[in-house]
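Everything below concerns the one structure shown next.
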Amino acid sequence: MNRIQVGTNKKTDPSGYQPNTFVLSRYCSKRSLVTLQSMGISLSITTPRNIWSMNPSFSPISTTPMSYSNSKFFVIKSYNLQDVRSSYHHKIWSSTSFGNQRLNKAFLESERVFLFFSVNGSGHYCGMAEMISRVDFNIASDIWQEKSRWKGVFQIKWLEIKDIPSKNFNHLLVPSNSYKPVTCSRDTQELPMDVGISMMRIFQLYLQQPT
């Protein structure tokens, strides 16, 4: 049995957000997690690299192709991890002017829009979210590191938070990007449905391991 060290997370977001969570600094068994959750303890499990923590409250979603016949999938590239963390707390995102227009068009023309997040230079994908509102081009948010750079905001729902090495996605090729691996995609690169669903499956099935 792996040793479990539990401590409160007292970090406070600038907006006043104070997560009442506990951090497990060691990996533990599934039975241990279930036992702690049954006690009403909210958990976040930090990886040794401290890139992301997995939230066990996320619900599994279907990866059956027929479920996404009118859905669109995009890669999101962030300049830094802090902006992705701010997005997780505030449940919003903003891209470049061109990216926002592309995503807004997709949202208006399809039933669902899914986003796969990666931080530039990280060599990992770090999360999956769904776009749940159109882009409001008339407002901006100050939660980003470069506060004056990003114009327009849209709401998202986080579906998975995992730090997954890019090598797990290298076999997925994007025809509209010269058949390069999806890991070579730029911000708001649209993905074909089969690649998007494959990325969903990887996010759901991947188990983070200590490094």
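The values are calculated or read from the model by the stated rules, or taken from the named source; none is laboratory data. All figures in this text were calculated on a predicted structure; none of them were measured in a lab. Don't worry about glycine lacking a Cβ; one is built from the backbone with ideal geometry, like all the others, and counts go over all protein chains shown.
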Looking at ARG149, ARG134, which one is without any contact (Cβ under 8 Å) to a residue 12 or more places away in the chain and more than 17 Å from the chain's Cα centre (by Cα)?
ARG149
Going through the range 164-180 in order, the residues found to be assigned to a strand (DSSP E or B) and more than 26 Å from ARG85 (Cβ to Cβ) are LEU173, VAL174, LYS180
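Yes/no per residue for (1) surrounded by 14 or more Cβ atoms within 10 Å (Cβ to Cβ); (2) part of a strand (DSSP E or B); (3) not assigned by TED's automatic domain parsing to the domain that holds ASN80:
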{"position": "PHE114", "(1), (2), (3)": "yes, yes, no"}
{"position": "GLY121", "(1), (2), (3)": "no, no, no"}
{"position": "TYR125", "(1), (2), (3)": "yes, yes, no"}
{"position": "SER141", "(1), (2), (3)": "yes, no, no"}
{"position": "GLU146", "(1), (2), (3)": "no, no, no"}
{"position": "PHE154", "(1), (2), (3)": "yes, yes, no"}
{"position": "LYS162", "(1), (2), (3)": "yes, yes, no"}
{"position": "VAL195", "(1), (2), (3)": "yes, no, no"}
{"position": "SER198", "(1), (2), (3)": "yes, no, no"}
So for the range 127-138 (the condition being assigned to a loop (DSSP other than H, G, I, E, B), assigned by TED's automatic domain parsing to the domain that holds LEU81 and within 18 Å of TYR79 (Cα to Cα)), does at least one residue qualify?
no
Are there any pairs with C-beta distances below 7 angstrom linking a residue in the range 172-184 that is on the phi > 0 side of the Ramachandran plot to a residue that is modelled with pLDDT of 95 or more, with the two at least 6 apart or on different chains, and if so which?
TYR179/LEU173
